[in-house]
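Notes follow the structure.
The values are calculated or read from the model by the stated rules, or taken from the named source; none is laboratory data. Not measured: the values here are computed from a predicted model. Positions of Cβ are backbone-derived with ideal geometry, glycine not excepted, and every protein chain shown enters the neighbour counts.
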């Protein structure tokens, strides 16, 4: 049981100086296919710092989540900084949640999602949305998300789909 000795993840608000560690986890989790720049992620952090979290365990960074308010539009484009948030945000949008491969199975993703779910609920959103990559679909279904039909902006990859869940269970 390699995971038995690992400490429970500690969550804290994500900061701009965390972006190098975030980019390293992003590369480890996704390979080269979904790399977004520090500028794109930093803009999301600047617009919605209350919805971006970092997970640490045993002194190291093991995961992160970027989320932000969003309207009824499908999904924001990848690789492009958000110019502004919608004036009327119906949804919390989970833009990216990634866990270091070495920390998978420790509850990091569920802890990060729980924090973002609480933020979205507290903000009064009527639901949450995200784009699930093909291999993450089972995780998001377990979190109460269902597929929403519709086209996605380019770059999300084969098998990716828009998903939604009500904030309150």
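Tabulated data
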{"item": "Criterion violated by residue 129 - all others in (1) surrounded by 14 or more Cβ atoms within 10 Å (Cβ to Cβ); (2) touching a helix residue (DSSP H, G or I) at 6+ places or on another chain (Cβ under 6 Å) satisfied", "result": "(2)"}
{"item": "Looking only at segment 58-82, and only at residues there that are outside any loop (DSSP other than H, G, I, E, B) and in contact with a helix residue (DSSP H, G or I) (Cβ under 6 Å, 6 or more places away or on another chain), the one that is nearest to residue 41 (Cα to Cα)", "result": "66"}
{"item": "Residue list for segment 49-85, restricted to those being under 17 Å from residue 119 (Cα atoms) and modelled with pLDDT under 90", "result": "71, 85"}
{"item": "Residues located in segment 24-48, provided they are more than 23 Å from residue 85 (Cβ to Cβ), modelled with pLDDT of 85 or more and touching a helix residue (DSSP H, G or I) at 6+ places or on another chain (Cβ under 7 Å)", "result": "28, 29"}
{"item": "Test: residue in segment 22-45 that is surrounded by 17 or more Cβ atoms within 10 Å (Cβ to Cβ), farther than 22 Å from residue 155 by Cα and in contact with a strand residue (DSSP E or B) (Cβ under 6 Å, 6 or more places away or on another chain)", "result": "no"}
{"item": "Matching residues, segment 86-111, being surrounded by 19 or more Cβ atoms within 10 Å (Cβ to Cβ), without any contact (Cβ under 8 Å) to a residue 60 or more places away in the chain and part of a loop (DSSP other than H, G, I, E, B)", "result": "89"}
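Results for (1) part of a helix (DSSP H, G or I); (2) in contact with a helix residue (DSSP H, G or I) (Cβ under 6 Å, 6 or more places away or on another chain); (3) surrounded by 14 or more Cβ atoms within 10 Å (Cβ to Cβ); (4) touching a residue at least 24 places away in the same chain (Cβ under 8 Å), shown as yes or no for each residue.
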site	(1), (2), (3), (4)
84	no, no, no, yes
113	yes, no, yes, yes
120	yes, no, yes, yes
152	no, no, yes, yes
